[in-house]
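Report on one structure; see the data block that follows.
Computed from the coordinates by the stated procedures, all read-outs in this text should not be read as laboratory data. Only a predicted model underlies this, so the values are computations on that prediction, with no experimental measurement involved. Glycine also receives a Cβ, built like all others from the backbone with ideal geometry; neighbour counts cover every protein chain displayed.
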Amino acid sequence: MSLTLEQVQRIAHLARIEISAAEAATTQGHLNGIFQLIEQMQAVDTAGVEPMAHAQDLSQRLRDDKVTEEDRRATFQAVAPETEAGLYLVPKVIE
């Protein structure tokens, strides 16, 4: 896909960007280069390539999954206006 000079000027108009004819020609070249790169990337066969979350093979440093604080739910709920079965009861705000 490539853009014509008229299409670049229309896009600039829709974006409310004022550009000169020289800037439109330069922008046309840049945008067409981007579209060519996209076409090249879409042409690559990626069948069998496993998706990755990061470009480098790094692992997250994780801490041990262990309890570090005591259970204080009863203390917190003791000061609540209303509770039931370990849950806080709140007034209905949406009808």
With the condition kept exactly as written, say whether any residue in the range 53-74 is among the hydrophobic types (A, V, I, L, M, F, W, C) and in a helix (DSSP H, G or I). yes
Considering only the range 75-95, state which residues are part of a loop (DSSP other than H, G, I, E, B) and surrounded by 10 or more Cβ atoms within 10 Å (Cβ to Cβ). Ala80, Glu82, Leu89
Just to check your reading of the model, which residue among Gln42, Gln60 is of a type outside the set (Ser, Thr, Tyr) and either touching a Phe, Trp or Tyr at 6+ places or on another chain (Cβ under 8 Å) or within 29 Å of Thr4 (Cα to Cα) (or both)? Gln42
